[in-house]
Amino acid sequence: MGMNLNFTAPTPLDYFASLVQSDADLPLLEAAASLAQDEEPALDVQQVLDDVARLQKRIKARLSDDADDLTRLAMLSQVFYKEMGFGVNANDFFAPENSYLHEVLRTRRGLPISLAVIWIELAQGLGLQAQGISFPGHFLVKVTLEGGLVVLDPLTGESLGVDNLAERLGPYRSAGHKVSGADLDDGETPLGLYLQPCPPRDFLARMLRNLKEIFRAQEDWPRLLCVLDRLVVLLPEMWSERRDRGLVLAELGRNHDALQDLQVYLQAEPTAADGPALRDRIIELSSS
């Protein structure tokens, strides 16, 4: 008789949790690629990393070793946008596939942020100092060159000047959009504050929140729960994600788990505006 070792493979959520444990060496591409495992548990994330590495080799092969940063950037744009044809999925902007990197690599269509993850990995592999920018409304990327900063639209590779950026900010400024690091924005916040680099954890949070909006709009509770499980692991102190997960668990009839999440939220945010309504909900769930 063989030994029963009772070995279970890590769940997609366990794997994700191991990747996002620390900010110091968070592997953005791998963690972003792993988001699709909720849809396809058998998805080979390593294959996604290999595909990107192969693409990087292809670009590198066309550059001389002494190529300067501008030349590298131009070659990256040439291959990524012109030859490979990466761009926006205009036909179906709200398809979840736009956030799944293996699908983005296959169809060459995605959202600004999913294209940005791949583009930044390629740019950094070419030795460029590239980062994401969590710009309101539309994710951007930037490259720091000797001569200064280049800000690009990851959908097209188009370089954006100060005027274009100020114009894109207009609607958010008038809507009172707050930027971290600024107390209020009455159009006085320096543009530079909006161009701060986006840390990997925020990158993943924004990708997950895109999926969260899609599944919430579709009232697809099982898929929404998977996304919220990841958000809770990624942002353990973001109590509103815990609350939202509790409400989804209640929709799925998992009252015991729902109560736990809602109670954690109310303990952390005792004066929350939605507190009274949630306390009523807790009484309802406890009695059913």
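Residue 124 - would you say it is over 14 Å from residue 87 (Cβ atoms) and free of Cβ contacts under 8 Å to residues at least 40 places away in the same chain? Yes.
Only one entry of 139, 80 meets the criterion of being modelled with pLDDT under 95, at negative phi and in the same structural domain as residue 53 (by TED's automatic domain parsing), and that entry is 139.
What do you reckon, is residue 76 over 23 Å from residue 43 (Cβ atoms) and either aliphatic (A, V, I, L, M) or buried (at least 16 other Cβ atoms within 10 Å of the Cβ) (or both)?
Considered against the rule, which asks whether it is over 23 Å from residue 43 (Cβ atoms) and either aliphatic (A, V, I, L, M) or buried (at least 16 other Cβ atoms within 10 Å of the Cβ) (or both), residue 76 comes out as yes.
Report yes if residue 55 is surrounded by 11 or more Cβ atoms within 10 Å (Cβ to Cβ), under 30 Å from residue 148 (Cβ atoms) and among the aliphatic types (A, V, I, L, M), otherwise no. Write out each step before concluding.
On the way: surrounded by 11 or more Cβ atoms within 10 Å (Cβ to Cβ): yes; under 30 Å from residue 148 (Cβ atoms): yes; among the aliphatic types (A, V, I, L, M): yes.
Yes; evaluated as a whole, the condition is true for this residue.
Taking helices (runs of 4 or more DSSP H) as the structural unit, those lying wholly within region 176-288 and holding at least 2 residues that are more than 27 Å from residue 113 (Cα to Cα) and at pLDDT 95 or above correspond to 239-251, 255-268, 275-287.
Residue 88 passes all but one of (1) within 18 Å of residue 132 (Cα to Cα); (2) without any contact (Cβ under 8 Å) to a residue 24 or more places away in the chain; (3) surrounded by fewer than 19 Cβ atoms within 10 Å (Cβ to Cβ); which number fails? Result: residue 88 passes all but (2).
If you filter region 243-285 down to residues that are of a type in the set (S, T, N, Q) and loosely packed, with under 11 Cβ neighbours inside 10 Å, you find that the one that is farthest from the chain's Cα centre (by Cα) is 271.
Among the residues of region 73-81, none qualifies, meaning not one is assigned to a strand (DSSP E or B) and touching a strand residue (DSSP E or B) at 6+ places or on another chain (Cβ under 9 Å). Of all residue pairs spaced 6 or more apart or on separate chains, those with beta-carbon atoms under 8 Å, a first member in region 235-250 that is farther than 15 Å from residue 212 by Cβ and a second member that is assigned to a loop (DSSP other than H, G, I, E, B) and not hydroxyl-bearing (Ser, Thr, Tyr) are 239/269. When residue 85 is evaluated against the numbered criteria (1) over 25 Å from residue 138 (Cα atoms); (2) in contact with a Lys or Arg (Cβ under 7 Å, 6 or more places away or on another chain), which criterion, by number, is the only one it fails? Condition not satisfied by residue 85: (1). No other residue among 162, 150, 117 is over 30 Å from residue 46 (Cα atoms), out of contact with any Cys (no Cβ under 8 Å at 6 or more places or on another chain) and at pLDDT 85 or above apart from 150. Taking region 91-125 as the range and being crowded, with 19+ Cβ neighbours inside 10 Å and of a type in the set (A, V, I, L, M) as the test, the residues that pass are 101, 104, 105, 111, 113, 115, 116, 117, 118, 120, 122, 123.
Taken over region 88-107, residues that are closer than 18 Å to residue 140 by Cα, modelled with pLDDT under 95 and either in contact with an Asp or Glu (Cβ under 9 Å, 6 or more places away or on another chain) or of a type in the set (Lys, Arg) (or both) amount to 2.
When region 83-118 is filtered for residues that are in contact with a Ser or Thr (Cβ under 9 Å, 6 or more places away or on another chain), part of a helix (DSSP H, G or I) and either under 25 Å from residue 69 (Cβ atoms) or among the polar types (S, T, N, Q) (or both), the ones remaining, listed by number, are 98, 99, 113, 114. Annotation: of all residues in region 190-241 being among the charged types (D, E, K, R) and more than 16 Å from the chain's Cα centre (by Cα), the one that is surrounded by the fewest Cβ atoms within 10 Å (Cβ to Cβ) is 237.
For region 153-163, filtered to residues that are of a type outside the set (Gly, Ala, Ser) and without any contact (Cβ under 8 Å) to a residue 24 or more places away in the chain, the residue that is surrounded by the most Cβ atoms within 10 Å (Cβ to Cβ) is 160. Of all residues in region 31-52, exactly one satisfies the criterion of being farther than 21 Å from residue 199 by Cβ, crowded, with 21+ Cβ neighbours inside 10 Å and small (Gly, Ala, Ser), namely 36.
The values are calculated or read from the model by the stated rules, or taken from the named source; none is laboratory data. The structure presented is a predicted model; accordingly, all values stated were derived computationally and were not measured. Cβ coordinates were reconstructed from backbone atoms using ideal geometry, including for glycine residues, and neighbour counts include every protein chain displayed.
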